[in-house]
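Engineer: The structure that follows is given in the form of structure tokens.
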Amino acid sequence: MKTTITMCLITAVAALGISCADNREFLPGEVWLDENGVAINAHGGGMLYHDGRYYWFGEHKTEGEGGNRANVGVHCYSSRNLHDWRDEGIALAVDAEGSGSPIEKGCILERPKVIYNKQTDKFVMWFHLELKDRGYSAAMSGVAVSDNITGPYKFLNAGRVNAGKWPLNVSDETRQAAEAIAAGREAEVADNDRFLVRDFAVGQMARDMTLFVDDDGKAYHIYASEENQTLQIAELTDDYTAHSGRYVRAFVGRSMEAPAIFKHDGKYYLMMSGCTGWAPNAARSAVADAVMGEWTELGNPCIGDDADKTFHSQSTYMLPVAGRKDTFIYMGDRWKPENAIDGRYIWLPVTLEDGRFTLTWQPSWKL
Ligand code: GAL
């Protein structure tokens with residue numbers, strides 16, 4: 001009898017995708033190994049839960065300072081329990097150096113995120129792209145698709161966002177700024193409008209980014225724009241491979257990057273960082289009733305020692321834990337610019353209370 005009950009429990013638990021491994025601890029900042037005993041290489045990553053498995057996509061970094069450039073591509077790992085990670089290989093490979101492809105080896109390809117489109121039954125990957133040898137000046141978004149979640153993804157194109165389109169919440173002052181610039185009276189233009197207007201014709205800049213699919217199937221691209229001064233939130237087309245033309249500006253002039261979003265009880269929450277490159281800073285958080293806003297800032301969600309440095313990390317994703325109500329994991333990166341491949345993963349449980357969320361440092365924790 002006892003054996004039967006135990007067997008039933010094991011079967012039920014396995015069916016839910018939760019194994020005994022769940023009892024293991026997360027160790028933020030330690031080296032995390034995959035099932036082959038190799039350090040996981042998926043930085044600035046995001047997660048997609050699909051058919052009972054988590055798929056973790058991130059930047060494959062290499063050794064040394066040059067390791068922050070895309071020498072390999074986007075790496076994918078999968079797991080049932082968030083502890084045992086199977087190496088699924090390179091989901092999107094960079095093209096050969098000298099090929100002239102926008103994603104040729106040596107470009108900068110950051111913060112890849114993958115979403116699933118039910119209508120087309122395809123997986124769609126978006127990422128921040130900087131062209132080879134052009135520093136961070138291109139500020140483009142790239143998109144790739146695949147029939148299989150683990151790839152290979154086919155690169156479609158890369159470019160600026162929503163060329164020739166005003167944001168839905170454009171102000172009269174901003175439109176007037178466009179006229180002033182056209183008439184050569186740039187000095188009249190407010191600092192906060194300068195870059196939006198400058199890039200109106202060529203398309204908006206997009207650097208640090210994330211994706212979000214809402215319950216109604218609409219997907220959004222959230223990215224640091226306007227020389228990182230202002231965040232923009234842009235709706236994607238129904239097949240998720242382009243921008244629909246509808247977008248808003250949020251947190252104008254607040255200089256936020258590393259956006260990560262989640263939805264809980266009908267509210268949308270954003271976590272972001274300030275702009276200090278690879279060095280950590282104090283995080284920001286915000287809440288809204290709709291993805292496109294209005295967003296209300298809630299302050300630094302981190303509490304305790306090193307809260308002003310986000311526990312030496314920068315946000316990359318907010319992971320809803322499958323099958324567990326109210327359970328989200330903060331996924332951040334502890335960058336190592338001098339040896340990019342050794343960047344570490346900082347995952348922490350998210351506490352939800354009083355209409356906001358908080359994070360507290362824990363050297364080890366269990367789900
Ligand atoms: C960070 C950003 C990273 C990377 C880095 C380059 O602020 O979040 O994704 O772009 O700057 O310095």
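The values are calculated or read from the model by the stated rules, or taken from the named source; none is laboratory data. Everything quoted here is computed from the prediction, not taken from an experiment. A quick note on method: Cβ atoms are made from the backbone with ideal geometry, for glycine too, and the neighbour counts reach across all protein chains shown. The protein model used for the area step is the full one, side chains on, heavy atoms only, and it has no ligands, DNA or RNA in it. Shrake-Rupley method; radii C 1.70, N 1.55, O 1.52, S 1.80 Å.
Engineer: Rounding to the nearest 20 debye, state how big the charge dipole of the chain is about its Cα centre with +1 on each Lys and Arg Cβ and -1 on each Asp and Glu Cβ.
Structural biologist: Values: 37 positive and 51 negative charges, 112 e Å.
Rounded to the nearest 20 debye, it is 540 debye.
Engineer: Could you rank Thr316, Thr62, Thr276 by how accessible they are, 1.4 Å probe, largest area first?
Structural biologist: Values: Thr316 5, Thr62 35, Thr276 70 Å².
From most accessible down to least: Thr276, Thr62, Thr316.
Engineer: Summarise the accessible area of the chain (1.4 Å probe, protein heavy atoms) by the percent that is carbon and sulfur.
Structural biologist: On the way: 7960 of 15870 Å².
Percent of accessible area from carbon and sulfur atoms in the chain: 50.
Engineer: Could you check what % of the DSSP bridge pairs in the chain are antiparallel, to the nearest 5? Could the numbers behind the result be given before it?
Structural biologist: Details: 87 of 90 bridges.
Of all bridge pairs located within the chain, approximately 95 percent are antiparallel.
Engineer: Let me have the 222 nm mean residue ellipticity of the chain computed from DSSP H runs of 4+ only, each contributing -39500 (n - 2.57), with the sum over all residues rounded to the nearest 500. List each step's numbers first, then the result.
Structural biologist: Working: 3 runs with 33 residues, N = 367.
That comes out to -2500 deg cm²/dmol.
Engineer: Ok, one more. Once you have the Cα-Cα distance between Asp133 and Asp239, take 0.36 nm times their residue separation minus that, and quote the gain in nm to one decimal. Please list the in-between numbers first.
Structural biologist: Details: separation 106, 0.36 × 106 = 38.16 nm, distance 3.19 nm.
Working it through step by step, the gained length comes to 35.0 nm.
Engineer: Leaving ligands, DNA and RNA out of it, rank Ile261, Ile181 by accessible area with a 1.4 Å probe, largest first. Write down the numbers at each step before the final one.
Structural biologist: Numbers: Ile261 10, Ile181 40 Å².
Listed by decreasing accessible area, they come as Ile181, Ile261.
Engineer: Can you list the HN-Hα couplings for segment 333-343, worked out from phi with the Karplus curve (6.51, -1.76, 1.60; θ = phi - 60°), rounded to whole Hz and with x for Gly and Pro?
Structural biologist: Whole-Hz 3J(HN,Hα) from phi for segment 333-343: 10, 9, 5, 10, x, 7, 8, 3, 5, 8, x.
Engineer: Calculate the FRET efficiency for Ile303 and Asp215 from the Cβ-Cβ distance with a Förster distance of 41 Å, rounded to the nearest 0.05.
Structural biologist: On the way: r = 30 Å, r/R0 = 0.73.
Calculated transfer efficiency: 0.85.
Engineer: Place a +1 charge on the Cβ of each Lys and Arg in segment 244-341 and a -1 charge on the Cβ of each Asp and Glu, then give the dipole magnitude about the Cα centre in debye, rounded to the nearest 20. Write down the numbers at each step before the final one.
Structural biologist: Working: 11 positive and 11 negative charges, 59 e Å.
Dipole about the Cα centre, nearest 20: 280 debye.
Engineer: Viscosity 1.002 mPa s, temperature 20 °C: give me the Stokes-Einstein translational D for the chain in µm²/s, with Rh taken as the Kirkwood radius over C-alpha pairs. Numbers along the way, then the final one.
Structural biologist: Values: Rh = 21.2 Å.
So the translational diffusion coefficient is about 101 µm²/s.
Engineer: Not counting ligands, DNA or RNA, and with a 1.4 Å probe, what is Asp87's accessible surface area in Å² rounded to the nearest 10?
Structural biologist: Only protein atoms counted, so the area is about 60 Å².
Engineer: Excluding residues fewer than 8 places away in the same chain, name every one of the aspartates and glutamates whose C-alpha is closer than 17 Å to that of Lys336.
Structural biologist: Within the straight-line cut-off, Lys336 pairs with Glu30, Glu59, Glu63, Glu65, Glu110.
Engineer: Report the one residue of Gly151, Ile181, Val161 whose Cα lies farthest in the direction of the positive end of the charge dipole of segment 105-190 (charges on C-beta: Lys and Arg +1, Asp and Glu -1; origin at the Cα centre).
Structural biologist: Gly151
Engineer: A 18 angstrom limit on the alpha carbon distance is what I want to check against. Which of Lys61/Lys309; Lys113/Lys267; Lys122/Lys165; Lys105/Lys154; Lys113/Lys154 exceed it?
Structural biologist: Numbers: Lys61/Lys309 23 Å; Lys113/Lys267 22 Å; Lys122/Lys165 27 Å; Lys105/Lys154 16 Å; Lys113/Lys154 14 Å.
Among Lys61/Lys309; Lys113/Lys267; Lys122/Lys165; Lys105/Lys154; Lys113/Lys154, the Cα-Cα distance tops 18 Å for Lys61/Lys309; Lys113/Lys267; Lys122/Lys165.
Engineer: Counting only heavy atoms of the protein chains, get the accessible area per residue of the chain (1.4 Å probe) and round it to a whole Å² value.
Structural biologist: On the way: 15870 Å² over 367 residues.
Ligands and nucleic acids excluded, the result is 43 Å² per residue.
Engineer: Under unit Cβ charges (Lys, Arg +1; Asp, Glu -1), what dipole magnitude, rounded to 20 debye, does segment 34-160 have relative to its Cα centre? Let's see the in-between values first.
Structural biologist: Details: 14 positive and 17 negative charges, 94 e Å.
In debye, rounded to 20, segment 34-160 gives about 440.
Engineer: Using DSSP to call loops (not H, G, I, E or B), can you name the GluC sites (Glu not before Pro) in segment 236-345 whose Cβ has at most 13 other Cβ atoms within 10 angstrom?
Structural biologist: Working: sites: Glu257, Glu294, Glu297, Glu338; in loops: Glu294.
Sites meeting the loop and neighbour criteria: Glu294.
Engineer: Additional query: Mind ranking 224-234, 149-159 by how tightly packed they are, going by the mean number of other C-beta atoms within 10 angstrom, highest first? Please report the intermediate quantities before stating the final value.
Structural biologist: Numbers: 224-234: 24.0, 149-159: 18.5.
The densest-packed peptide leads the list: 224-234, 149-159.
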